[in-house]
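The values are calculated or read from the model by the stated rules, or taken from the named source; none is laboratory data. Nothing here was measured: the structure is a model prediction, and the numbers come from that model. These accessible areas exclude ligands, DNA and RNA; they are computed on the full protein's heavy atoms, side chains included. Shrake-Rupley method; radii C 1.70, N 1.55, O 1.52, S 1.80 Å.
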Amino acid sequence: MKHSEFWQVVEEAFGAGYGRSLAADLVLTGVGGRTAAQALDAGVAPREVWAALCDEMEVDDATRWRHRRDPKERDKRR
């Protein structure tokens with residue numbers, strides 16, 4: 001997963017505004033008690049940050065693995 005893919009899937013899963021807010025404000029235990037944005041800035045792999053965000057938000061499997069689907073086939077509502 002690239003950084004651009006991380007941000008795309010965050011916006012698809014949570015919406016543009018809320019997704020960016022989560023990334024900036026929600027502390028994730030899975031990446032050392034940092035926010036997603038801090039973890040990415042510190043060099044943590046986007047895939048690891050996405051997994052930590054999914055764990056913290058307790059998302060369903062369809063949301064967790066949406067980055068694995070072809071972007072043309074993704075349903076932006078879920």
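Structure data summary
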| read-out | value |
| --- | --- |
| Carbon/sulfur fraction of accessible area - the chain, other protein chains in place, 1.4 Å, % | 48 percent |
| For volume of the Cα convex hull per residue in Å³, calculated from these coordinates, the label among (1) 100; (2) 109; (3) 77 | (3) |
| Crossing angle, helix 16-25 versus the chain [Cα axis fit, 0-90 degrees, rounded to tens] | 20 degrees |
| Heavy-atom accessible area per residue - the chain, 1.4 Å, Å² | 60 Å² |
| 5 angstrom amide H check on Thr35, placed H, neighbours 5+ away | Leu28 |
